[in-house]
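The values are calculated or read from the model by the stated rules, or taken from the named source; none is laboratory data. Being a predicted model, the structure only gives us computed values, none of them experimental. Here Cβ is always computed from backbone atoms with ideal geometry, including for glycine, and neighbour counts include all displayed protein chains.
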Amino acid sequence: MTFGATIRVAPFVDARVLMSTRCGEVWPVLSVKDGWVAVKTPEGKGWVGGGRVLVSTPPAATDCEGARFLPQDSTATVRGVSACLPLRPRPSSGAPAIACVANGHDYTVLDGPLEANPGEDWFRVSSATTGAGWALATSLYPE
């Protein structure tokens, strides 16, 4: 996945984030359960959504060209939007916009990436001017 993955402490979308991982990183698989993959990390056992990983032996080559890494608590800057980037209350293009920000706006990354729909990655972000919400990853870049 271009934006890597979030490794959580439990196999639930709203479970606390254990750590973030870059595109192409390889982790030993401990088990697979209900669409989640348990992996062994330096932080301990963690869970990754099955749609964000490729389980294979030996590890498969991954195309990470153009990959961006936005770990939790990092700064992400909005770039490449023509009018504005909508901030939404949930990771869905159908959700109403809380705010709409222009290029150059800085956010703190709170969570993500989360693939709400196939090929649609979202990050939960926050800033003093907008508060917290979900933004499409395609317009977020590391500072």
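Brief remarks follow.
- Answer residue from the stretch 61-87, given it is exposed (fewer than 10 other Cβ atoms within 10 Å of the Cβ) and free of Cβ contacts under 8 Å to residues at least 24 places away in the same chain and is farthest from VAL101 (Cα to Cα) among those: ALA61
- Any hit, the stretch 112-124, residues being without any contact (Cβ under 8 Å) to a residue 24 or more places away in the chain and touching a Cys at 6+ places or on another chain (Cβ under 7 Å): no
- Residues of the stretch 53-100 classified as out of contact with any Cys (no Cβ under 6 Å at 6 or more places or on another chain) and farther than 15 Å from LEU114 by Cα, total: 30
- Answer from PRO58, PRO42, PRO28 - the residue that is surrounded by fewer than 14 Cβ atoms within 10 Å (Cβ to Cβ), farther than 24 Å from LEU136 by Cβ and modelled with pLDDT under 90: PRO58
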